[in-house]
Structure formats: C-alpha cells, structure tokens
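Each remark here refers to the structure printed beneath this line.
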Amino acid sequence: MNLEQLHKKLIGAARLQPPDTGVPYAFEQRILARLRRSPVVADPWFEWARSLWRASVPCIAVLVLMAGWSWHSGGLGSSLSHEPGFSAEDLELAVLDAVDTPEGAEEDL
Amino acid sequence: MITIPSVTEGKTDAELIAEVLKGDLGSFEPIVARYSPRLFGTARRYARRESEVEDIVQEIWSKVFQKLSTWRGDAPFEHWLMRLAVHTCYDFLRQHKRNREDTLTDLTREEEDWLERFAADPGQAPEDADAARLLVARLLEQLSPASRLVITLLEIEDRSVKEIAAITGWSVPLVKVRAFRARAEMQKCLRRVAQEKYL
C-alpha cells in the first residue's frame, strides 16, 4: 500500500468534507447569560504589563529632560574648564589636596 | 451598569467592541452571533463530542470578553479572534492528550472496506466517502497536539507557514520543524493501519 498516496487521499477527504458550522439553539443568549453571571476578573499580569507600558511614557520624558539638563550643564562645565586659570590639573589638585601628604611630613612625625 | 440597546444591526466590529468596552454587554451578542459559526467549525476540527465542542466555543467567548480591551484595532477582529480560538483548541488538545484512545485497531466495516478498495486501486476509493472522513479523524486523534494542529492548519485548511506562525505565535522555523515531525507521525500511524490490516 502506498502510504504517501493514502496520506494525500485522506487529507483530500478531510478538505472535501469541512466540519459543520451549525450553532446550537440560543447559544448567543447562553453566552451572554454566562458573562452576566461571572463578573469580569482582570488578568493581574495584563494589568501589571499595562501599568508598566503606561509608566514608560513619563519615564522616557524624564530621561529626555535629564539628558538635556546634563548636556547643558556639561556644556557649562566644559566651558568653565577652558577659562584661564582653571584646568583639569587644578581640579585634580583641589580634590586630592586632602589626601596628599607633603614630602617629608611622615619623617617629621 | 449593563444596558442592552435595541439597534445593533449593521454596526462594524470596532463599533460594537467600543460599546462593549463602555459597559454595554448587549453589543456583545451580535459579535457572538456573527462569528460563532466559524468558531464551531474550527472547534469541531479538534473535538469530536458535541459537548466538548460547545465547551471550547464557550471558553473562547469568555476569553474574548476578558481580553477584549487588548484588541488594538490595527488588524481585523476576525484575525485576533481566530488566533485566540486556535490557542484555545490547542490548550484543549494538550489537556486531553492523556485521554486519547487507541482507536486504530477497531475500524468499522465501512472504514475497512474503504481501505481495501484503496489497497486494490487507489482511484476507486472515493474521497467524499464518510468512511474516509472518519478514518482521517481517527488518525488525527492519534497525533500529538502540536502535530494535529499543524496538519490541520497546513494541510487541511491549506494555510501557509507564515500564517500558521502568526496564528500560533511559533516562529517560522519551528512551524517547519513541527510540520516535518507531524508528517512523520502521520506516516507512522498509516503504517500501523496498513500493517495491521494487510500484513
């Protein structure tokens, strides 16, 4: 027996005879009655995902604002560093001043 | 507050859904009436007992009602509905896979006659015979849920791999792999029938 041919023949039979699409009597009314009886229970995961999705809009807005503010103040800082008498070395010296021990100070102790 | 408007005929799906989402449950009835025949046709492909078919369609409509607000309206409602229907049918198959009976050994007289006619001359076995329809239903019942779903969508409903991927949520390569496995499973079942009857 040719199984491949049998397979095609049976699939052809299933295609030729689609299932009945008949709907039981008063089915719509039964569905509505069932829905009225059981109140809609929201899916907690869906609600959680929807809240996150909604929260993303203000988050992005805050991100854009902060990025703009940071860029703007960064621009001010960089212009400050180009001023005469203010360099990166001056900043480093000022920051490390507290931890730097003068040469020979340890010997004095 | 639930209200039932008297005029719902002629409204589009989107209009009816908008009304349902506003709390008008009555607008859901024309949607149920419009699409239930299609859903019953789909459910009858996966369940044989009429009580199971009705349970599946009720489950689909419950899910539709629960998730109605997730329909965004950028694709036809029917596509969204059919995706939900196929998922529900697949869940049904997975829940009932342990209840599958080995029905390949007890073929009816008509089914055996049809197979004998096919064995003698494949052209003589008519495709429109009830026996062929029952035989293919028996064979499909032997398949795993994924294989049955793929064979039904790909070969019986003649959908494309891309369409099946969109309906099931599987990737295109996964659909192809499952289609390959499903055909192999089907061949195995056919071989069993052939061996039991003709060897």
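The values are calculated or read from the model by the stated rules, or taken from the named source; none is laboratory data. Being a predicted model, the structure only gives us computed values, none of them experimental. Virtual Cβ from ideal backbone geometry, glycine too; neighbours counted across all protein chains shown. Remember, those area values only see protein heavy atoms, side chains included, never the ligands or the DNA or RNA. Shrake-Rupley method; radii C 1.70, N 1.55, O 1.52, S 1.80 Å.
Within the stretch B:57-79, the set of residues being within 15 Å of B:I167 (Cβ to Cβ), outside any helix (DSSP H, G or I) and touching a residue at least 24 places away in the same chain (Cβ under 8 Å) comprises B:P76 only. Can you confirm whether the stretch B:24-44 contains a residue that is more than 26 Å from the chain's Cα centre (by Cα), more than 10 Å from chain A (Cβ to nearest Cβ), over 18 Å from A:V23 (Cβ atoms) and at pLDDT 85 or above? Yes. Of all residues in the stretch A:29-39, those being of a type outside the set (S, T, N, Q) and surrounded by fewer than 18 Cβ atoms within 10 Å (Cβ to Cβ) number 6. Scanning the stretch A:8-28 finds no residues that are at pLDDT below 80, more than 30 Å from B:L154 (Cβ to Cβ), out of contact with any Phe, Trp or Tyr (no Cβ under 8 Å at 6 or more places or on another chain) and not aromatic (F, W, Y). Working only within the stretch B:69-111, note down all residues that are closer than 23 Å to A:R36 by Cα and modelled with pLDDT under 90. Passing the criteria: B:S69, B:T70, B:W71. Any idea which residue in the stretch B:7-44 is least open to solvent (accessible area, probe 1.4 Å), counting only those that are among the β-branched types (V, I, T) and not in a helix (DSSP H, G or I)? My answer is B:T8. In the stretch B:45-56, the qualifying residues are those that are within 11 Å of the chain's Cα centre (by Cα) and in a helix (DSSP H, G or I), and the one that is nearest to the other protein chains (Cβ to nearest Cβ) is B:R45.
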